[in-house]
1. Using 0.36 nm times the number of residues separating residue 28 and residue 55, minus their current alpha carbon distance, what extension gain do you get?
2. Order by neighbour count: 169, 81, fewest other Cβ atoms within 10 Å first, most last.
3. By counting other Cβ atoms within 10 Å of each Cβ, how are 274, 157 ranked from fewest to most?
4. Taking a quarter of the surface of the convex hull around the Cα atoms of segment 7-55, what do you get in nm²?
5. Take the alpha-carbon centre of segment 126-177, take the same for segment 12-31, and report the distance between them in whole Å.
6. Just need the relative contact order of segment 249-289 here, percent rounded to a whole number, with Cα pairs under 8 Å and 6+ apart.
7. With 10 angstrom as the radius, rank 239, 144, 1 by how many other C-beta atoms surround their C-beta, starting from the fewest.
8. What distance in nm separates the simple spin-label points at residue 68 and residue 274, each placed 7 Å from Cα in the Cβ direction?
Ligand SMILES: C[S@@+](CC[C@H](N)C(=O)[O-])C[C@H]1O[C@@H](n2cnc3c(N)ncnc32)[C@H](O)[C@@H]1O
């Protein structure tokens with residue numbers, strides 16, 4: 001393990017995610033927000049990177065080992081937010097065709113099929129005892145064009161919320177959607193009945209709030225419509241800051257520590273600092289840690 005950078009609020013560790021997690025103390029993170037390399041999609045040009053395994057099963061086993069160790073590092077009331085998209089069997093073939101990554105075996109008869117990678121990883125984590133609390137759909141307002149004419153292009157990615165215990169720290173109020181003026185009242189109350197929650201608004205004299213209504217705003221639900229982060233030449237797969245922000249606001253107690261074992265440019269770290277949390281980022285690529293450090297120092301300044 002190499003300590004790449006450390007200050008009062010930020011620790012960047014260089015090396016393999018599993019190796020480094022093994023060296024971290026029990027229960028030292030309050031929240032994990034991460035997006036691992038997707039299977040067979042792109043290479044980060046570093047030996048030991050995940051996503052280049054010969055089979056989906058090997059990839060799932062690698063991530064399973066990482067999150068088994070991450071569970072020990074996560075506080076017992078902590079949350080894990082996992083952004084992980086699927087890939088097609090054909091992606092493996094194009095990967096070897098253009099000479100990046102290892103020549104990979106496609107599962108027999110599975111060319112062109114979605115490989116159900118997120119589902120396989122979720123099942124593995126479930127078998128390890130993780131509790132799957134949400135499957136959030138990140139609905140993208142825009143996405144890369146795909147040259148296909150025999151299927152639909154993909155416009156969403158899943159984000160899974162896992163916990164290790166049934167009871168855990170979760171601040172729904174921090175991510176509630178503020179009700180639009182005049183749009184919070186959907187029901188009708190009986191004449192003379194008091195209005196619940198002391199809510200006021202147009203039509204308040206005769207209406208009651210719907211089940212979805214709360215004085216602090218509505219539960220945002222499990223479909224999040226967000227634009228993808230603008231990806232410069234620096235990194236291919238940057239997480240949208242707003243996505244990280246919702247996970248951290250809801251899933252990390254104020255002043256707590258956010259861990260990202262696949263830190264990249266540390267989008268999660270920058271958001272964590274902005275929200276008054278601390279950050280531990282792990283990445284196998286020194287080049288991405290360079291970018292991460294620059295970004296984090298700017299945020300902290
Ligand atoms: C999808 S990117 C993460 C992007 C990040 N969320 C951001 O916003 O910049 C995945 C990252 O995992 C890193 N990575 C790949 N294999 C790794 C390994 N074995 N251990 C640690 N990091 C690894 C890559 O270098 C890459 O930066």
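Laboratory data are not the source of any read-out in this text; all were calculated from the coordinates shown. Please read these numbers as outputs of a predicted model, since none were measured by experiment. All Cβ positions, even for glycine, are placed from backbone atoms using ideal geometry, and neighbour counts span all protein chains on display.
1. Numbers: separation 27, 0.36 × 27 = 9.72 nm, distance 3.27 nm.
So the extension gain works out to 6.5 nm.
2. On the way: 169 17, 81 26.
Lowest to highest Cβ neighbour count: 169, 81.
3. Numbers: 274 14, 157 20.
Sorted ascending by nearby Cβ count, the order is 274, 157.
4. Its average projected convex-hull area is 4.8 nm².
5. Segment 126-177 and segment 12-31 have Cα centres separated by 23 Å.
6. Numbers: 59 pairs, mean separation 17.8, N = 41.
Averaging sequence separation for qualifying contacts and normalising by length gives 43 percent for segment 249-289.
7. On the way: 239 25, 144 9, 1 14.
Starting with the residue having the fewest Cβ neighbours, the order is 144, 1, 239.
8. Simple spin-label model gives 3.7 nm for this pair.
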